[in-house]
Amino acid sequence: MNIQKTAASPGRMLNQKKHPLRLFPLWIVLLCMLPGVLHYCIFRLYPSMMTAYYSFTDISGVPGTTWKFIGLANYKEFFILQNPRDLKAALLRTAAYAFFVTIIQNSIALLLSVIVNSAFLKGRNFARGVYFMPVILGAAVVATIWKAIFSTPTGPIYLFMQNVLHIANPPAILSSRVYAFPAVIAAQIWQNMGYSMVIFIAALQGIDGTLYESASIDGASNWKMFSKITLPLIWSAISINTLLAIIGSLQSYELIMTITRGNFNTSTLGMMAFATAFGGGGGTASGAVVNGLRQGYAAAESMVLFAGVLVVTIISQILMKRAEVER
Amino acid sequence: MGKNVSPPIKVLCYILIVFFLFIYLFPLFYIVNTSLKSSQDYLLYPTSLTTSPQFSNFVTAWKKANFGTYVWNSVLYTLVCTLASLFMSAAIAFPISRKYVPASRFLHFLFLCGLFLPSGMIPTFQLILGSGLYNTKIGYMLVMTGVNATSVFFFTGYFRDIPKDLDEAATIDGCGYLRYLVQMVIPLSKPAIISMGMLTMIGVWNDIVSSTIYLTSESNYNITRGMFVFQGQYSNDWTLTAAALLIVAAPLILVYLFGQKYIIDGVMTSAVKG
């Protein structure tokens with residue numbers, strides 16, 4: 001193996017050197033790449049690294065203010081000086097958000113994708129198209145739809161609670177410290193379920209149909225076929241979807257920002273970092289600079305979130321791998 | 001599922017599909033219905049079907065929400081950011097797919113990093129603030145444009161399928177690199193370009209976070225932000241809000257109706273590769 005590699009590499013090197021020079025001049029190829037690479041370095045890599053650096057400073061969003069290096073003070077404030085109840089609530093809420101979104105979104109998506117993918121169903125393309133639609137509508141539109149549906153006292157949910165369930169004083173769901181959070185979770189699932197479903201469908205379509213035929217000749221039940229053929233064969237899609245949902249729900253705050261602005265016990269860590277850095281988010285027409293909030297501390301919150309995402313991602317991948325091996 | 005599904009299970013499947021269709025379609029129907037009601041009709045019978053559609057709601061919402069300005073901003077942002085992102089991604093992906101540049105592998109790795117690194121929201125803001133581009137159209141478009149890893153990988157895969165002989169033929173005919181890239185490679189990968197183009201367009205059109213952070217003057221607002229602010233101001237007038245919402249969503253729904261295949265293909269492929 002090693003010998004082959006070393007023997008092959010000089011030839012490959014020569015080939016590589018000869019090829020590009022013969023076809024297009026290297027400088028023009030590089031010149032065309034330059035805008036993209038520069039943009040990527042300036043607006044993706046550099047800010048990413050600098051988040052870590054800023055988390056050790058007291059930089060603010062107000063232009064022209066001086067800032068200095070303050071070591072671990074931001075982290076100390078987050079973990080130690082902060083009211084422990086607030087810290088616990090924020091972390092728990094972030095975990096709950098990710099947990100419920102991941103589990104419910106993927107369960108519904110898996111169920112619907114299996115049904116939508118089955119041969120007997122009529123109108124499957126229509127169903128798939130409808131379920132996917134909120135993905136393209138975006139957070140602001142979905143949030144406004146949600147607000148209309150839950151509005152008091154004319155929204156359909158309110159009327160349903162009042163007239164069908166006969167609840168005397170139905171709560172205003174989106175401004176309730178108890179019900180707003182589940183409603184935001186539901187909005188997140190409603191918006192992104194179609195995305196997970198489409199990934200499941202892609203995996204299901206990759207399964208060789210003859211497997212089911214021979215299994216049914218052997219007299220396997222539908223459930224047997226699902227658990228012994230379908231599940232193992234789409235395991236990588238389940239793994240990808242779990243990962244995407246965990247990362248997506250831990251980091252995303254667009255819906256929280258647009259529906260409740262983080263009020264009524266709905267603020268997760270990502271939303272907190274945004275609100276610390278730029279003010280309440282949402283509808284403040286005056287914008288961020290006027291509020292000029294503590295971006296150094298917000299950077300520290302972002303780093304805590306990043307570390308959390310990293311740990312959860314690694315753990316979930318290990319668990320998914322282990323479950324796959326055990327099958 | 002196999003072909004021999006028993007009738008009770010079939011019925012159950014249909015019930016589930018219809019139940020979820022209701023959950024997904026009811027909010028949309030409710031919005032369309034509300035947008036066509038007069039506000040009196042809405043306050044008296046919010047959920048009844050509209051009897052005399054008030055199309056004037058759309059005109060009123062358009063004027064009151066100042067969409068006349070915002071829509072052109074959104075069109076500008078969407079076009080510029082999408083075209084720039086597509087060109088930059090393609091110009092990076094093509095040489096990588098052909099190994100025309102040294103260190104293709106390293107570049108590949110570099111873009112892979114972007115998928116995992118923490119978001120750089122705060123330093124990006126400091127950068128824009130420091131360079132005097134805060135609350136300018138240029139600054140906003142710089143932030144919204146992006147070479148993301150998914151489109152680079154997506155294109156790299158596609159460009160590999162273009163025969164290398166074509167590159168040679170082009171150089172023999174004296175076709176310059178840039179012209180070759182724009183007039184041959186990109187048109188030959190139409191499905192990939194359309195998929196990524198649509199996903200980028202939808203993302204830019206829908207943006208609410210960056211427009212909240214970077215745009216403070218109303219003259220710079222995109223239409224999504226305009227709709228959002230309008231909803232805050234007229235929070236009880238749901239007929240106008242619903243009309244404004246549909247105006248913002250209409251281009252998205254149109255793009256979706258005609259390009260559903262490309263959008264879903266884009267999502268499927270990028271998820272499997274990413």
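In table form, for the structure just shown:
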| read-out | value |
| --- | --- |
| Per-region count, the stretch A:74-112, residues among the aliphatic types (A, V, I, L, M) and closer than 30 Å to residue A:233 by Cα | 11 |
| Candidate set from the stretch A:108-133 (those that are more than 7 Å from chain B (Cβ to nearest Cβ) and in contact with a helix residue (DSSP H, G or I) (Cβ under 6 Å, 6 or more places away or on another chain)); member that is nearest to residue B:204 (Cα to Cα) | A:128 |
| Close pairs from the stretch A:119-146: first on the phi < 0 side of the Ramachandran plot and among the polar types (S, T, N, Q), partner surrounded by fewer than 20 Cβ atoms within 10 Å (Cβ to Cβ) and part of a helix (DSSP H, G or I), Cβ under 9 Å, at least 6 apart | A:125/B:260 |
| Residue match in the stretch B:237-247 (condition: within 8 Å of chain A (Cβ to nearest Cβ) and more than 25 Å from residue B:39 (Cα to Cα)) | no |
| Helices (runs of 4 or more DSSP H) completely within the stretch A:1-69 that count 1 or more residues being modelled with pLDDT of 85 or more and within 9 Å of chain B (Cβ to nearest Cβ) | A:26-40, A:46-54 |
| Enumeration of residues in the stretch A:121-135 that are aromatic (Phe, Trp, Tyr) and open to solvent by less than 20 Å² (accessible area, probe 1.4 Å) | A:131, A:132 |
| Selected residue (criterion: surrounded by the fewest Cβ atoms within 10 Å (Cβ to Cβ)) from residues of the stretch B:185-219 that are farther than 25 Å from residue A:262 by Cα and of a type in the set (Ser, Thr, Tyr) | B:219 |
| Checking residue B:201 against (1) closer than 24 Å to residue A:32 by Cα; (2) part of a loop (DSSP other than H, G, I, E, B), the condition it does not meet | (2) |
| Check on residue A:104, surrounded by 20 or more Cβ atoms within 10 Å (Cβ to Cβ) and touching a residue at least 12 places away in the same chain (Cβ under 8 Å) | no |
| Qualifying residue in the stretch B:36-44 (condition: within 10 Å of chain A (Cβ to nearest Cβ) and without any contact (Cβ under 8 Å) to a residue 24 or more places away in the chain) | yes |
| Filtered residues of the stretch A:159-192 (kept if open to solvent by less than 30 Å² (accessible area, probe 1.4 Å), touching a residue at least 12 places away in the same chain (Cβ under 8 Å) and more than 27 Å from the chain's Cα centre (by Cα)) | A:170 |
| Residue check, residue A:154 of a type in the set (S, T, N, Q), open to solvent by 40 Å² or more (accessible area, probe 1.4 Å), over 23 Å from the mean Cα position of the chain (by Cα) and modelled with pLDDT under 90 | no |
| Residue B:207 of a type in the set (Asp, Glu) and under 27 Å from residue B:74 (Cβ atoms) | yes |
| Residues that are farther than 30 Å from residue B:266 by Cβ and either among the basic types (Lys, Arg) or at the interface with chain B (Cβ under 7 Å from one of its Cβ atoms) (or both), drawn from the stretch A:193-232 | A:216, A:222, A:224, A:225, A:228 |
| Inter-residue pairs, beta-carbon under 8 Å, first part of a helix (DSSP H, G or I) and in the stretch B:94-105, second crowded, with 18+ Cβ neighbours inside 10 Å and of a type in the set (S, T, N, Q), 6+ apart | B:96/B:156; B:97/B:156 |
| The stretch B:220-274, residues that are small (Gly, Ala, Ser), in a helix (DSSP H, G or I) and surrounded by fewer than 21 Cβ atoms within 10 Å (Cβ to Cβ) | B:232, B:250, B:259, B:270, B:271 |
| Cβ-Cβ under 7 Å pairs, at least 6 apart or on other chains, the stretch A:202-213 side loosely packed, with under 14 Cβ neighbours inside 10 Å, far side polar (S, T, N, Q) | A:205/A:117 |
| Residue in the stretch B:144-152 that is at pLDDT 90 or above, open to solvent by less than 50 Å² (accessible area, probe 1.4 Å) and within 30 Å of residue B:115 (Cα to Cα) present | yes |
| Some residue of the stretch A:217-234 being crowded, with 17+ Cβ neighbours inside 10 Å, assigned by TED's automatic domain parsing to the domain that holds residue A:78, under 23 Å from the mean Cα position of the chain (by Cα) and touching a residue at least 40 places away in the same chain (Cβ under 8 Å) | no |
| Residue A:138 buried (at least 21 other Cβ atoms within 10 Å of the Cβ), at the interface with chain B (Cβ under 8 Å from one of its Cβ atoms) and touching a Pro at 6+ places or on another chain (Cβ under 8 Å) | no |
| Condition broken by residue B:133, with the remaining ones in (1) open to solvent by less than 30 Å² (accessible area, probe 1.4 Å); (2) within 12 Å of another protein chain (Cβ to nearest Cβ) satisfied | (1) |
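Listed here are the residues, each with its yes/no results for (1) over 30 Å from residue B:10 (Cα atoms); (2) at pLDDT 90 or above; (3) outside any loop (DSSP other than H, G, I, E, B).
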site	(1), (2), (3)
A:229	no, no, yes
A:232	no, no, yes
A:236	no, no, yes
A:257	yes, yes, yes
A:280	yes, no, no
A:285	yes, no, no
A:289	yes, no, yes
A:316	yes, no, yes
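The values are calculated or read from the model by the stated rules, or taken from the named source; none is laboratory data. All of these numbers come straight from a predicted model, not from anything done at the bench. Quick reminder, even Gly has a Cβ in these numbers, built from the backbone with ideal geometry, and neighbours come from all protein chains shown. Ligands, DNA and RNA are excluded from the accessible area calculation, which covers all protein heavy atoms including side chains. Shrake-Rupley method; radii C 1.70, N 1.55, O 1.52, S 1.80 Å.
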